[in-house]
1. Within 14 Å of another protein chain (Cβ to nearest Cβ) and not aliphatic (A, V, I, L, M): which single residue out of A:Gly230, A:Gly245, A:Gly258, A:Gly221 fits that description?
2. Those residues that are closer than 30 Å to A:Thr393 by Cβ and either aliphatic (A, V, I, L, M) or at pLDDT 95 or above (or both), I need them from the range A:181-202; list them, please.
3. Looking at the range B:71-101, which of its residues are over 17 Å from A:Asp437 (Cα atoms), in a loop (DSSP other than H, G, I, E, B) and at the interface with chain A (Cβ under 8 Å from one of its Cβ atoms)?
4. So for the range A:417-437 (the condition being more than 13 Å from chain B (Cβ to nearest Cβ), touching a residue at least 12 places away in the same chain (Cβ under 8 Å), more than 16 Å from A:Asp373 (Cβ to Cβ) and outside any loop (DSSP other than H, G, I, E, B)), does at least one residue qualify?
5. Check whether at least one residue in the range A:286-308 is out of contact with any Ser or Thr (no Cβ under 6 Å at 6 or more places or on another chain), part of a helix (DSSP H, G or I) and surrounded by fewer than 16 Cβ atoms within 10 Å (Cβ to Cβ), and report yes or no.
6. Just need a number here: residues in the range A:179-202 that are in contact (Cβ under 8 Å) with a residue 24 or more places away in the chain and facing chain B (nearest Cβ under 7 Å).
7. I'd like to know if the range A:81-95 contains one or more residues that are surrounded by 20 or more Cβ atoms within 10 Å (Cβ to Cβ), in contact with a helix residue (DSSP H, G or I) (Cβ under 7 Å, 6 or more places away or on another chain) and outside any helix (DSSP H, G or I).
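The values are calculated or read from the model by the stated rules, or taken from the named source; none is laboratory data. What you see is a predicted model, and the numbers here were worked out from it, not measured in a lab. Cβ placement follows ideal geometry from the backbone for every residue including glycine, while neighbour counts extend to all protein chains displayed.
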Amino acid sequence: HSFPVLLSLRRGQASVSYAQSLLGAPETQLTALDNGLRVASEDTGHATCTVGLWIGAGSRYENERNNGTGFFLEHMAFKGTKKHTQTALEQQVESMGAHLSAYTSREHTAYYMKTLAKDLPKAVELLSEVVQSCSLNEAEIEQQRGVVLRELEEVESNLQEVCLDLLHATAYQGTPLGQSVMGPSSTASVIKSGLNLTRQDLVEYINIHYKAPRMVLAAAGGVNHEELVGLAKSHMSGVSFEYEGDVVPVLSPCRFTGSDIRMRDDALPLAHVAIAVEGASASSPDIVPLMVANAVIGSYDLTYGGGKHLSSRLARIAVEDKLCHSFQAFSSSYSDTGLLGIYFVSDKHHIDDMMHWSQNAWMNLCTTVTESDVARGRNALKASLVGQLNGTTPICDEIGRHVLNYGRRVPLAEWNARIDAVTPSVLRDVCSKYIYDKCPAVVGVGPIEQLTDYNRIRSAMYWLRF
Amino acid sequence: MMSTVTRPGVILPYYRATRNTFKSLVFPGAMELFTVAGKAELLIYQCCLSFLFPAPAGTRLAHTDIKIPDFSDYRRPEVLDPRKSSQDSSDTRKAFSYMLTGATAVVGVYAAKTVVTQFVTSMSASADVLALSKIEIKLSDIPEGKNMTFKWRGKPLFVRHRTEKEISTEEAVNIGELRDPQHDKERVINPKWVVVIGVCTHLGCVPIANAGDFGGYYCPCHGSHYDASGRIRRGPAPLNLEVPYYEFLDDNTLVVG
């Protein structure tokens, strides 16, 4: 009974072409309120929606004294507001069947709720309360200290996080970007050493950073933009837009230092190594070629079934010689700087080889990358950009981050056009600009005796034959 | 150490967490610092320690506690300010480093070349041998008509002060008759002085001066006659006596070699 399917004239043809679907994607609408708060939404027609507040504040705005405040505040956010106690708040959220979450990163903080589309008004009301009138009671603060310390302890066993945190710490040493989001243990500690957080610190943080021009109310799903703007006006018009004493926190550039940090522990089974150079900022035109470059290098882990036939050259070599358990090319971009790197996990006898071939992949990008590699990278990047928008929450997150970074949502059609403009010579030029003969930041965690010496790593950032 | 009083009740839950954290992050090799059983004692000891020292030596509570040291003492001036991007100065810093490296490389190659040359040339002739390579002769010591013999480079050197008659005789000789045709002019710089090596070109004996039928030299071994210009005239020798390189420093000094 599969005959009719086989005989169908449209078998193998999508009903809409890729280009058509790109242009047909629902538009993201953006409105600004009087106090500067921006409201952006995409109506995807789903029955559910994700709505949240994206704030331009993070660990980069903290200093040595109060590093970890944003993270602690995130913990305190859902512990009760002036109108609802913690139990009341939880009950409101649970009764809607909604999920309330938050995250803090180096430059952004987000509080968002996933709920049914019809519950949008309630969701916006609760979110606005959480952000504007968090109760921050003392007993709860004391209790959360333990939670934060436990989370710090838990993160110690996530060596990928440790590795990438240390990468930032060494690459941006002496600057606010080098600070970890979670802050040092002294911040959350109960021991009053003058370094630990008090309620006053949290209040100050909110006063300084939670300002309307730095906030975006983003929503995706079955949401009506007008309705959302109306809700924002009624709940969030009160968000302040003035700074005390007109002192506006301005981000200064962060110096990148080529350096390395090695946390050797031979008792660990696997070594986690990351190497990165200073990359492009989020708003730089070079970000797209660099993303294509990362797609050319790709990623790999032991669960990949392609074996020796994976398309990424580095992956093929890794499989044939069993060089690593996993690797990925990554790119973190911030408002005026970024990190472009490769992270890999390997056993202690293959670190040197894996590092050599990773840098070889970089050199290949700078010098001899071919049209077929670039075509593959472009396609992979396009696929991943579209593929990661699978649900209202990723879409909402992208809306929030884009409006904070670029002032608008960059549509897929635009990404596509910029990706198509990447040719092998463009890729070579851009990669040479950021990678060739630059001082990298290197991190090693675990049994890293074999990790190549920094001078040799630095020498592998150029080719004499070139 | 009982000066700090803490109420275990409120902070007990977090204390348990930190105690576990504390233990799990002791570096391998560091001694287990606490063996006391009492929780309260442990708590107070920990609190006191944290008062006196921010973190007990040999342990840390989280990777976020690691503080990257301040390397300002070692930084170049362009990258001292953490609020300035390091990209702008990256080219000039690299250029400086590479120039320094390049210059050092050139100097190094030159030094290596010098050392190697010194070792290799040590295998060539030594100074005492080289000293023997030249001989300086005071010509005023040699009267007219007389031939003086010197040891030079291990061989006898004949310096002959010729008379006018000898000079004209030698210059008038028909070259076609000679076994080894050479005009006298070709063999002398100043016709008054003949400088030849006193080794017979036949089998290497030393000819006797002022002997033979041609007013020159006679080799007693096999009877080769040379004239006053050192040319072979009769006998088994095939070639004329060898004329070495020589020059007149002044009228009175002859340097051979």
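1. A:Gly258
2. To start, the set of residues in the range A:181-202 that are closer than 30 Å to A:Thr393 by Cβ comprises A:181-183, A:187-188, A:197, A:202.
Within the range A:181-202, A:Val181, A:Met182, A:Ala188, A:Leu197, A:Leu202 meet the criteria.
3. Of everything in the range B:71-101, those that are over 17 Å from A:Asp437 (Cα atoms), in a loop (DSSP other than H, G, I, E, B) and at the interface with chain A (Cβ under 8 Å from one of its Cβ atoms) turn out to be B:Phe71, B:Asp81, B:Pro82, B:Arg83, B:Lys84, B:Ser85.
4. Among the residues of the range A:417-437, at least one is more than 13 Å from chain B (Cβ to nearest Cβ), touching a residue at least 12 places away in the same chain (Cβ under 8 Å), more than 16 Å from A:Asp373 (Cβ to Cβ) and outside any loop (DSSP other than H, G, I, E, B), which makes the answer yes.
5. yes
6. Going through the range A:179-202 one residue at a time, the tally reaches 6.
7. Yes - at least one qualifying residue is present in the range A:81-95.
Condition check ((1) part of a loop (DSSP other than H, G, I, E, B); (2) exposed (fewer than 10 other Cβ atoms within 10 Å of the Cβ); (3) at pLDDT 90 or above) across all residues:
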{"position": "B:Ala112", "(1), (2), (3)": "no, no, yes"}
{"position": "B:Phe119", "(1), (2), (3)": "no, yes, yes"}
{"position": "B:Ala125", "(1), (2), (3)": "yes, no, no"}
{"position": "B:Leu130", "(1), (2), (3)": "no, no, no"}
{"position": "B:Met148", "(1), (2), (3)": "no, no, yes"}
{"position": "B:Arg160", "(1), (2), (3)": "no, no, yes"}
